[in-house]
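The values are calculated or read from the model by the stated rules, or taken from the named source; none is laboratory data. The structure displayed is predicted, hence computed values, not measured ones. With ideal geometry, Cβ positions are generated from the backbone for all residues, glycine too; neighbour counts draw on all protein chains shown. Quick note on the areas: whole protein, heavy atoms, side chains included, nothing else; ligands and nucleic acids left out. Shrake-Rupley method; radii C 1.70, N 1.55, O 1.52, S 1.80 Å.
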Amino acid sequence: MPAVVRVVVFNSDETYSAPLRSTLQEFRGVKIVAEVDEPSIIAEAVRQFPCDVLIAHLDPGAEAILPMLGGLAESHPDLPIFAVSSSTDGQLILAALRHGVREFLTKPIDTAVLREAIEKTTGRSGGRDRQGSLVTVIGGAGGVGATTLAVNLAVELKGASGKEVTLVDLDYRFGQVATHLDIEPMYTIADLCDSPGQLEQQLIERALVRHASGIRVLSRPLQFSQADSITAAHCVGVLSALTTLNDYVVVDGPTRFDYGTKAILDISDYNLLVLQLVVPTVRSVHRMLDGMMEIGFNLDRMKLVCNRVGCDGGGVNVADVSSTLKLNVFAEIPDEWETVNGAINVGEPLASHAPKSKVRLAIKSMAERLLDPSSAQAATEGQRKKGGLLSKIF
(Lines give C-alpha, C1' and ligand atoms only; values in the text may rest on other atoms or scores of the structure.)
Protein backbone atom coordinates (compact mmCIF):
# COMPACT_ATOMS: atom_id res chain seq x y z
CA MET A 1 0.00 0.00 0.00
CA PRO A 2 1.32 3.52 -0.74
CA ALA A 3 2.43 5.59 2.24
CA VAL A 4 -0.87 7.47 2.27
CA VAL A 5 -4.11 6.86 0.40
CA ARG A 6 -6.48 9.84 0.45
CA VAL A 7 -10.12 8.82 0.65
CA VAL A 8 -13.35 10.74 0.09
CA VAL A 9 -16.30 9.06 1.81
CA PHE A 10 -19.95 9.36 0.82
CA ASN A 11 -22.45 8.17 3.40
CA SER A 12 -26.01 9.37 4.00
CA ASP A 13 -26.76 6.86 6.76
CA GLU A 14 -25.82 8.49 10.05
CA THR A 15 -25.95 5.19 11.94
CA TYR A 16 -23.20 3.78 9.73
CA SER A 17 -20.85 6.79 9.97
CA ALA A 18 -18.95 5.56 13.03
CA PRO A 19 -18.50 1.92 11.86
CA LEU A 20 -17.33 3.01 8.40
CA ARG A 21 -14.94 5.61 9.78
CA SER A 22 -13.60 3.14 12.32
CA THR A 23 -12.96 0.53 9.63
CA LEU A 24 -11.00 2.96 7.47
CA GLN A 25 -8.98 4.26 10.39
CA GLU A 26 -7.70 0.75 11.08
CA PHE A 27 -5.40 1.25 8.08
CA ARG A 28 -2.36 3.33 8.92
CA GLY A 29 -1.95 4.41 5.31
CA VAL A 30 -5.55 5.57 4.76
CA LYS A 31 -6.49 9.19 5.40
CA ILE A 32 -10.07 10.46 5.14
CA VAL A 33 -9.86 13.88 3.50
CA ALA A 34 -13.62 14.54 3.23
CA GLU A 35 -16.98 13.07 4.18
CA VAL A 36 -20.20 14.04 2.39
CA ASP A 37 -23.79 12.96 2.95
CA GLU A 38 -25.56 14.29 -0.16
CA PRO A 39 -25.21 12.49 -3.54
CA SER A 40 -25.41 15.79 -5.40
CA ILE A 41 -22.19 17.08 -3.87
CA ILE A 42 -20.03 13.99 -4.40
CA ALA A 43 -18.53 15.44 -7.57
CA GLU A 44 -17.82 18.77 -5.86
CA ALA A 45 -16.06 16.99 -2.99
CA VAL A 46 -13.85 15.05 -5.39
CA ARG A 47 -13.03 18.27 -7.24
CA GLN A 48 -12.21 20.19 -4.08
CA PHE A 49 -10.33 17.45 -2.21
CA PRO A 50 -7.69 15.62 -4.26
CA CYS A 51 -8.15 11.94 -3.47
CA ASP A 52 -6.99 8.48 -4.49
CA VAL A 53 -10.21 6.54 -3.75
CA LEU A 54 -13.91 7.32 -3.41
CA ILE A 55 -15.86 5.05 -1.05
CA ALA A 56 -19.65 5.32 -1.42
CA HIS A 57 -22.15 3.75 0.96
CA LEU A 58 -25.16 2.80 -1.19
CA ASP A 59 -27.69 2.09 1.57
CA PRO A 60 -30.51 2.91 1.82
CA GLY A 61 -31.04 4.49 -1.62
CA ALA A 62 -28.74 2.88 -4.19
CA GLU A 63 -31.04 3.87 -7.08
CA ALA A 64 -30.38 7.56 -6.47
CA ILE A 65 -26.68 7.18 -5.79
CA LEU A 66 -25.53 4.98 -8.67
CA PRO A 67 -26.29 7.53 -11.45
CA MET A 68 -24.18 10.09 -9.58
CA LEU A 69 -21.34 7.59 -9.37
CA GLY A 70 -21.71 6.82 -13.05
CA GLY A 71 -21.29 10.45 -14.00
CA LEU A 72 -18.29 10.75 -11.73
CA ALA A 73 -16.69 7.65 -13.25
CA GLU A 74 -17.04 9.20 -16.72
CA SER A 75 -15.54 12.55 -15.70
CA HIS A 76 -12.80 10.96 -13.53
CA PRO A 77 -11.89 7.68 -15.24
CA ASP A 78 -8.69 7.30 -13.17
CA LEU A 79 -10.48 7.57 -9.81
CA PRO A 80 -11.24 4.18 -8.22
CA ILE A 81 -14.80 4.03 -6.85
CA PHE A 82 -15.70 1.49 -4.15
CA ALA A 83 -19.31 0.76 -3.24
CA VAL A 84 -20.43 -0.53 0.17
CA SER A 85 -23.81 -2.17 0.82
CA SER A 86 -25.49 -4.76 2.99
CA SER A 87 -27.13 -6.21 -0.13
CA THR A 88 -25.68 -9.16 -2.00
CA ASP A 89 -28.24 -8.95 -4.81
CA GLY A 90 -26.60 -9.82 -8.10
CA GLN A 91 -28.59 -7.22 -10.03
CA LEU A 92 -27.44 -4.44 -7.72
CA ILE A 93 -23.81 -5.52 -7.97
CA LEU A 94 -24.08 -5.68 -11.77
CA ALA A 95 -25.69 -2.23 -11.89
CA ALA A 96 -22.92 -0.82 -9.70
CA LEU A 97 -20.23 -2.24 -11.96
CA ARG A 98 -21.99 -0.82 -15.03
CA HIS A 99 -21.91 2.61 -13.38
CA GLY A 100 -18.14 2.47 -13.01
CA VAL A 101 -17.74 0.97 -9.53
CA ARG A 102 -14.51 -1.01 -9.38
CA GLU A 103 -15.00 -2.80 -6.06
CA PHE A 104 -18.28 -3.85 -4.42
CA LEU A 105 -17.88 -4.45 -0.67
CA THR A 106 -20.57 -6.04 1.48
CA LYS A 107 -21.18 -5.14 5.11
CA PRO A 108 -19.59 -5.79 7.49
CA ILE A 109 -16.52 -4.91 5.47
CA ASP A 110 -13.82 -7.56 5.41
CA THR A 111 -10.65 -5.58 6.14
CA ALA A 112 -8.50 -8.05 4.22
CA VAL A 113 -10.68 -7.60 1.13
CA LEU A 114 -10.59 -3.82 1.52
CA ARG A 115 -6.81 -3.81 1.89
CA GLU A 116 -6.42 -5.92 -1.24
CA ALA A 117 -8.74 -3.60 -3.16
CA ILE A 118 -6.84 -0.51 -2.05
CA GLU A 119 -3.47 -2.03 -2.90
CA LYS A 120 -4.70 -3.15 -6.30
CA THR A 121 -6.23 0.16 -7.34
CA THR A 122 -3.64 2.53 -5.89
CA GLY A 123 -0.87 0.33 -7.23
CA ARG A 124 -2.27 0.88 -10.70
CA SER A 125 -2.25 4.67 -10.23
CA GLY A 126 1.19 4.71 -8.66
CA GLY A 127 0.22 6.38 -5.36
CA ARG A 128 1.95 9.54 -4.21
CA ASP A 129 5.58 10.12 -3.35
CA ARG A 130 5.11 12.51 -0.45
CA GLN A 131 2.67 12.95 2.37
CA GLY A 132 3.58 14.83 5.51
CA SER A 133 2.28 14.27 9.02
CA LEU A 134 -0.48 16.51 10.32
CA VAL A 135 -0.18 17.42 14.01
CA THR A 136 -3.13 19.26 15.55
CA VAL A 137 -2.75 21.06 18.88
CA ILE A 138 -6.08 21.84 20.53
CA GLY A 139 -6.83 23.30 23.93
CA GLY A 140 -9.24 21.60 26.28
CA ALA A 141 -10.30 25.12 27.29
CA GLY A 142 -9.29 28.66 26.48
CA GLY A 143 -6.05 29.95 27.94
CA VAL A 144 -4.35 26.60 28.58
CA GLY A 145 -1.35 27.48 26.38
CA ALA A 146 -2.19 25.56 23.19
CA THR A 147 -0.94 28.33 20.88
CA THR A 148 2.37 28.60 22.73
CA LEU A 149 2.85 24.84 22.47
CA ALA A 150 1.89 24.73 18.78
CA VAL A 151 4.28 27.55 17.86
CA ASN A 152 7.24 26.14 19.77
CA LEU A 153 6.52 22.55 18.74
CA ALA A 154 6.71 23.56 15.08
CA VAL A 155 10.04 25.30 15.69
CA GLU A 156 11.42 22.27 17.54
CA LEU A 157 10.25 19.84 14.83
CA LYS A 158 12.10 21.96 12.30
CA GLY A 159 15.23 22.12 14.43
CA ALA A 160 15.29 18.41 15.25
CA SER A 161 14.50 17.09 11.78
CA GLY A 162 15.71 19.78 9.39
CA LYS A 163 12.65 19.00 7.27
CA GLU A 164 9.95 21.28 5.91
CA VAL A 165 7.49 22.37 8.61
CA THR A 166 4.46 24.65 8.25
CA LEU A 167 2.47 26.12 11.15
CA VAL A 168 -1.22 26.92 10.56
CA ASP A 169 -3.43 29.19 12.67
CA LEU A 170 -7.03 27.92 12.65
CA ASP A 171 -8.43 30.35 15.20
CA TYR A 172 -9.93 32.46 12.43
CA ARG A 173 -10.85 35.47 14.58
CA PHE A 174 -8.53 35.64 17.57
CA GLY A 175 -5.50 33.57 16.50
CA GLN A 176 -2.15 34.80 17.81
CA VAL A 177 0.36 32.63 15.95
CA ALA A 178 1.71 35.58 13.94
CA THR A 179 2.03 37.66 17.13
CA HIS A 180 3.97 34.89 18.88
CA LEU A 181 6.50 34.97 16.03
CA ASP A 182 6.41 38.74 15.35
CA ILE A 183 5.52 38.39 11.67
CA GLU A 184 3.21 40.45 9.45
CA PRO A 185 1.52 38.28 6.80
CA MET A 186 0.30 39.75 3.52
CA TYR A 187 -1.80 36.70 2.67
CA THR A 188 -3.65 34.30 4.94
CA ILE A 189 -5.69 31.10 4.97
CA ALA A 190 -8.67 33.16 3.78
CA ASP A 191 -6.90 33.80 0.46
CA LEU A 192 -6.42 30.08 -0.09
CA CYS A 193 -10.04 29.32 0.81
CA ASP A 194 -11.23 31.94 -1.70
CA SER A 195 -9.40 30.17 -4.51
CA PRO A 196 -11.66 27.96 -6.65
CA GLY A 197 -10.64 24.44 -7.57
CA GLN A 198 -7.52 22.58 -6.59
CA LEU A 199 -4.89 24.62 -4.81
CA GLU A 200 -1.68 25.02 -6.79
CA GLN A 201 1.72 25.00 -5.14
CA GLN A 202 2.55 28.52 -6.34
CA LEU A 203 -0.58 29.92 -4.68
CA ILE A 204 0.16 28.12 -1.42
CA GLU A 205 3.77 29.30 -1.38
CA ARG A 206 2.62 32.89 -1.78
CA ALA A 207 0.39 32.66 1.30
CA LEU A 208 3.12 31.27 3.57
CA VAL A 209 5.52 33.47 5.54
CA ARG A 210 9.00 32.14 6.22
CA HIS A 211 10.16 32.73 9.81
CA ALA A 212 13.79 33.07 10.91
CA SER A 213 13.56 29.65 12.60
CA GLY A 214 12.99 28.03 9.21
CA ILE A 215 9.31 27.18 9.63
CA ARG A 216 6.63 28.60 7.37
CA VAL A 217 3.44 30.13 8.75
CA LEU A 218 -0.11 30.31 7.41
CA SER A 219 -1.89 32.96 9.46
CA ARG A 220 -5.50 33.54 10.39
CA PRO A 221 -7.61 35.96 8.27
CA LEU A 222 -6.77 39.63 8.62
CA GLN A 223 -10.45 40.65 8.83
CA PHE A 224 -13.22 39.25 11.02
CA SER A 225 -15.59 39.11 8.06
CA GLN A 226 -13.28 36.75 6.14
CA ALA A 227 -13.67 34.10 8.83
CA ASP A 228 -17.39 33.71 8.09
CA SER A 229 -16.75 32.33 4.63
CA ILE A 230 -14.31 29.57 5.67
CA THR A 231 -16.03 26.20 5.84
CA ALA A 232 -14.85 22.87 7.21
CA ALA A 233 -14.43 21.67 3.62
CA HIS A 234 -12.20 24.67 2.82
CA CYS A 235 -10.06 23.99 5.87
CA VAL A 236 -9.63 20.28 5.16
CA GLY A 237 -8.74 21.07 1.55
CA VAL A 238 -6.02 23.53 2.58
CA LEU A 239 -4.54 21.15 5.16
CA SER A 240 -4.56 18.24 2.70
CA ALA A 241 -2.73 20.36 0.15
CA LEU A 242 -0.17 21.49 2.73
CA THR A 243 0.65 17.93 3.76
CA THR A 244 1.69 17.17 0.19
CA LEU A 245 4.24 20.02 0.34
CA ASN A 246 5.57 19.55 3.88
CA ASP A 247 7.03 16.87 6.08
CA TYR A 248 5.11 18.21 9.08
CA VAL A 249 2.10 20.50 9.32
CA VAL A 250 1.38 21.76 12.84
CA VAL A 251 -2.08 23.20 13.45
CA ASP A 252 -3.03 25.57 16.23
CA GLY A 253 -6.61 24.37 16.40
CA PRO A 254 -9.76 26.11 17.60
CA THR A 255 -10.93 25.69 21.20
CA ARG A 256 -14.44 24.66 20.14
CA PHE A 257 -15.64 21.15 19.35
CA ASP A 258 -17.89 21.50 16.31
CA TYR A 259 -18.16 19.91 12.86
CA GLY A 260 -15.13 21.80 11.57
CA THR A 261 -12.94 20.76 14.48
CA LYS A 262 -14.08 17.14 14.14
CA ALA A 263 -13.14 17.18 10.45
CA ILE A 264 -9.64 18.44 11.32
CA LEU A 265 -9.14 15.85 14.05
CA ASP A 266 -10.32 13.12 11.67
CA ILE A 267 -7.56 13.78 9.14
CA SER A 268 -4.76 14.44 11.67
CA ASP A 269 -2.03 11.91 12.36
CA TYR A 270 -1.54 13.22 15.90
CA ASN A 271 -3.98 15.20 18.03
CA LEU A 272 -2.38 16.86 21.05
CA LEU A 273 -5.04 17.82 23.59
CA VAL A 274 -3.64 20.44 25.96
CA LEU A 275 -4.97 20.92 29.47
CA GLN A 276 -3.91 22.36 32.80
CA LEU A 277 -4.26 20.63 36.16
CA VAL A 278 -7.47 22.35 37.23
CA VAL A 279 -10.85 20.70 37.61
CA PRO A 280 -12.87 22.85 35.12
CA THR A 281 -10.39 22.14 32.31
CA VAL A 282 -10.32 18.41 33.08
CA ARG A 283 -14.12 18.40 33.04
CA SER A 284 -14.14 20.05 29.60
CA VAL A 285 -11.67 17.52 28.25
CA HIS A 286 -13.71 14.67 29.75
CA ARG A 287 -16.81 15.87 27.89
CA MET A 288 -14.87 16.32 24.68
CA LEU A 289 -13.47 12.79 24.80
CA ASP A 290 -16.92 11.37 25.57
CA GLY A 291 -18.31 13.19 22.54
CA MET A 292 -15.57 11.82 20.32
CA MET A 293 -16.18 8.26 21.45
CA GLU A 294 -19.91 8.63 20.79
CA ILE A 295 -19.25 9.40 17.14
CA GLY A 296 -16.72 6.58 16.76
CA PHE A 297 -13.53 8.66 16.85
CA ASN A 298 -10.35 6.64 17.22
CA LEU A 299 -8.71 7.90 20.41
CA ASP A 300 -5.43 6.16 19.56
CA ARG A 301 -4.36 9.38 17.81
CA MET A 302 -5.33 11.55 20.78
CA LYS A 303 -2.46 12.47 23.12
CA LEU A 304 -2.79 14.40 26.37
CA VAL A 305 -0.35 17.20 27.14
CA CYS A 306 -0.38 18.63 30.66
CA ASN A 307 0.81 22.24 30.60
CA ARG A 308 2.17 24.35 33.46
CA VAL A 309 2.90 21.33 35.61
CA GLY A 310 4.34 22.39 38.94
CA CYS A 311 2.14 25.39 39.59
CA ASP A 312 -0.43 25.05 42.36
CA GLY A 313 -2.86 22.41 41.08
CA GLY A 314 -5.02 22.34 44.19
CA GLY A 315 -4.48 18.61 44.70
CA VAL A 316 -4.87 17.62 41.03
CA ASN A 317 -1.86 15.77 39.63
CA VAL A 318 -0.87 14.10 36.38
CA ALA A 319 -1.75 10.60 37.62
CA ASP A 320 -5.24 11.85 38.51
CA VAL A 321 -5.75 13.22 35.01
CA SER A 322 -4.49 10.08 33.28
CA SER A 323 -6.68 7.81 35.42
CA THR A 324 -9.79 9.97 35.10
CA LEU A 325 -9.56 10.47 31.35
CA LYS A 326 -8.35 6.90 30.70
CA LEU A 327 -5.53 8.16 28.49
CA ASN A 328 -1.80 8.22 29.10
CA VAL A 329 -0.24 11.65 29.36
CA PHE A 330 2.05 12.10 26.39
CA ALA A 331 4.01 15.07 27.73
CA GLU A 332 4.33 17.26 30.82
CA ILE A 333 5.32 20.89 30.29
CA PRO A 334 6.72 22.61 33.40
CA ASP A 335 5.44 25.92 34.67
CA GLU A 336 7.80 28.77 33.76
CA TRP A 337 5.28 31.50 33.16
CA GLU A 338 7.70 34.43 33.34
CA THR A 339 9.96 32.86 30.70
CA VAL A 340 7.06 31.99 28.40
CA ASN A 341 5.41 35.38 28.84
CA GLY A 342 8.68 37.14 28.04
CA ALA A 343 9.08 35.15 24.82
CA ILE A 344 5.50 35.94 23.75
CA ASN A 345 5.86 39.65 24.45
CA VAL A 346 8.95 40.00 22.24
CA GLY A 347 7.64 37.63 19.56
CA GLU A 348 10.34 34.97 19.81
CA PRO A 349 10.18 31.18 20.08
CA LEU A 350 11.66 29.69 23.23
CA ALA A 351 14.49 28.10 21.23
CA SER A 352 16.00 31.55 20.69
CA HIS A 353 14.60 33.45 23.68
CA ALA A 354 15.40 30.93 26.44
CA PRO A 355 17.12 27.91 24.87
CA LYS A 356 18.15 26.34 28.21
CA SER A 357 14.84 26.82 30.01
CA LYS A 358 13.02 23.76 31.30
CA VAL A 359 9.89 24.57 29.35
CA ARG A 360 11.81 24.81 26.08
CA LEU A 361 13.62 21.52 26.73
CA ALA A 362 10.30 19.80 27.51
CA ILE A 363 8.77 20.94 24.21
CA LYS A 364 11.94 19.89 22.37
CA SER A 365 11.65 16.44 23.94
CA MET A 366 8.00 16.26 22.86
CA ALA A 367 9.01 17.05 19.28
CA GLU A 368 11.69 14.35 19.34
CA ARG A 369 9.14 11.81 20.55
CA LEU A 370 6.80 12.72 17.70
CA LEU A 371 9.69 12.12 15.31
CA ASP A 372 10.27 8.71 16.97
CA PRO A 373 6.82 7.27 17.86
CA SER A 374 8.31 4.08 19.32
CA SER A 375 10.06 6.01 22.09
CA ALA A 376 6.89 7.98 22.76
CA GLN A 377 4.88 4.82 23.33
CA ALA A 378 7.42 3.44 25.80
CA ALA A 379 7.59 6.70 27.71
CA THR A 380 3.83 6.90 28.32
CA GLU A 381 3.22 3.37 29.61
CA GLY A 382 2.17 2.81 33.21
CA GLN A 383 0.86 6.28 33.98
CA ARG A 384 -2.70 5.33 34.91
CA LYS A 385 -2.83 4.99 38.66
CA LYS A 386 -5.58 5.16 41.17
CA GLY A 387 -6.77 8.77 41.21
CA GLY A 388 -7.05 11.11 44.13
CA LEU A 389 -9.13 14.30 44.03
CA LEU A 390 -10.49 13.80 40.51
CA SER A 391 -11.65 10.27 41.18
CA LYS A 392 -13.95 11.71 43.84
CA ILE A 393 -15.19 14.54 41.60
CA PHE A 394 -16.02 12.33 38.62
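A compact table of results
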{"item": "Residues of the stretch 60-75 satisfying the condition of being open to solvent by less than 20 Å² (accessible area, probe 1.4 Å) and either under 17 Å from I93 (Cα atoms) or touching an Asp or Glu at 6+ places or on another chain (Cβ under 9 Å) (or both)", "result": "A62, I65, L66, L69, G70"}
{"item": "Long-range neighbours under 7 Å by Cβ, at least six apart or interchain, first residue open to solvent by 10 Å² or more (accessible area, probe 1.4 Å) within the stretch 225-253, second polar (S, T, N, Q) and part of a loop (DSSP other than H, G, I, E, B)", "result": "T244/Q131"}
{"item": "Single residue of V238, V274 found to be part of a strand (DSSP E or B) and among the aliphatic types (A, V, I, L, M)", "result": "V274"}
{"item": "Test: residue in the stretch 52-59 that is within 25 Å of the chain's Cα centre (by Cα), among the acidic types (D, E) and surrounded by 13 or more Cβ atoms within 10 Å (Cβ to Cβ)", "result": "yes"}
{"item": "Top-ranked residue of the stretch 285-329 - restricted to ones that are among the small types (G, A, S) and over 21 Å from E26 (Cα atoms), ranked as most open to solvent (accessible area, probe 1.4 Å)", "result": "G310"}
{"item": "Residue within the stretch 39-50 that is closer than 25 Å to Q201 by Cβ, of a type outside the set (D, E, K, R), out of contact with any Phe, Trp or Tyr (no Cβ under 8 Å at 6 or more places or on another chain) and part of a loop (DSSP other than H, G, I, E, B) present", "result": "yes"}
{"item": "Leading residue by the ranking (surrounded by the fewest Cβ atoms within 10 Å (Cβ to Cβ)) among those in the stretch 330-375 that are hydroxyl-bearing (S, T, Y) and assigned to a helix (DSSP H, G or I)", "result": "S374"}
{"item": "Total residues in the stretch 254-271, condition of a type in the set (S, T, N, Q) and either open to solvent by 20 Å² or more (accessible area, probe 1.4 Å) or part of a strand (DSSP E or B) (or both)", "result": "2"}
{"item": "Any hit, the stretch 88-97, residues being modelled with pLDDT under 85 and not small (G, A, S)", "result": "no"}
